[in-house]
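Reviewing the structure listed below.
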Amino acid sequence: MYQTTEERREQSRIEDRQLIADALAGKQDAYKRLMKKYHNAIAHLIMRMVGSQGDVEDLTQEAFIKAFNSLASFNDEFAFSTWLYKIATNNCIDFLRKRKLKTFSIDRPIGDEEGGQQYEIRDDSHIPDSDILQQQQTSAIQRAIDGLPEKYRMVIVMRHQEEKSYEEIAEELDLPLGTVKAHIFRAREMLYKQLRDKVGAI
């Protein structure tokens with residue numbers, strides 16, 4: 001029987017409501033089904049925003065982790081997809097903002113009003129509060145990573161400290177690529193839960 005676009009959309013929303021209810025009831029398969037349903041769409045959205053294939057899977061996983069951890073606050077008067085896209089978009093904006101801050105050099109020349117160039121001088125006489133906060137956050141994150149079960153700690157270290165690709169991790173550990181992605185997702189989820197009250201966004 002032919003369904004209109006509106007009918008398909010409503011059917012999808014009903015399915016999402018049931019999956020969300022199942023997830024909140026503790027059914028792990030519901031989380032997997034929600035992620036499978038929207039993974040490609042979210043990854044495509046993120047790719048358009050960040051333009052870097054290497055960051056897409058990480059940001060996609062982070063978006064789902066944040067959504068799943070906030071699932072109880074979801075208002076089912078709205079489409080789950082819209083809510084999920086908003087979380088993914090905000091996550092990308094934060095990522096791009098942080099990347100821009102990292103690439104800005106304090107020693108880069110700054111044009112003055114007369115077209116000349118001047119340089120800002122670095123002051124090393126004290127440690128800024130932001131640096132102290134960054135050190136505290138880094139220490140908290142490292143302690144949380146050290147406390148992960150071995151199989152999760154290994155993939156997180158390889159991904160984020162050794163900066164290996166998912167494919168390289170799978171090859172070195174002799175694991176299926178899907179297993180590596182699942183382990184990293186689970187590790188991030190555990191870290192997020194441990195750190196969300198201590199540190200800002202991971």
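The values are calculated or read from the model by the stated rules, or taken from the named source; none is laboratory data. Please read these numbers as outputs of a predicted model, since none were measured by experiment. All Cβ positions, glycine included, derive from the backbone under ideal geometry; neighbour counts span all protein chains shown.
Please pick out the residue among Ile46, Ile87 that is β-branched (Val, Ile, Thr), within 15 Å of the chain's Cα centre (by Cα), under 20 Å from Ala182 (Cβ atoms) and at pLDDT 90 or above.
Ile46
Just checking, does region 62-78 include any residue being surrounded by fewer than 10 Cβ atoms within 10 Å (Cβ to Cβ) and in a helix (DSSP H, G or I)?
Yes - at least one qualifying residue is present in region 62-78.
So which residues in region 19-31 are surrounded by 11 or more Cβ atoms within 10 Å (Cβ to Cβ) and not hydroxyl-bearing (Ser, Thr, Tyr)?
Residues satisfying the conditions are Leu19, Ile20, Ala21, Asp22, Ala23, Leu24, Lys27, Ala30.
Residue under question is Phe95, and the condition is that it be modelled with pLDDT of 80 or more and under 25 Å from Glu15 (Cα atoms); does it hold?
no
Pairs please, first residue from region 157-177 and without any contact (Cβ under 8 Å) to a residue 24 or more places away in the chain, second anywhere and part of a loop (DSSP other than H, G, I, E, B), Cβ atoms under 6 Å, 6+ apart in sequence or on different chains.
Met158/Lys164
Just to verify a result, which residue in region 2-17, among those that are loosely packed, with under 12 Cβ neighbours inside 10 Å and not aliphatic (A, V, I, L, M), is nearest to Arg186 (Cα to Cα)?
Here the answer is Gln11.
Take region 37-91 and flag every residue that is among the small types (Gly, Ala, Ser) and either closer than 24 Å to Arg9 by Cα or in the same structural domain as Lys181 (by TED's automatic domain parsing) (or both).
Ala41, Ala43, Ala63, Ala67, Ser70, Ala72, Ser73, Ala79, Ser81, Ala88
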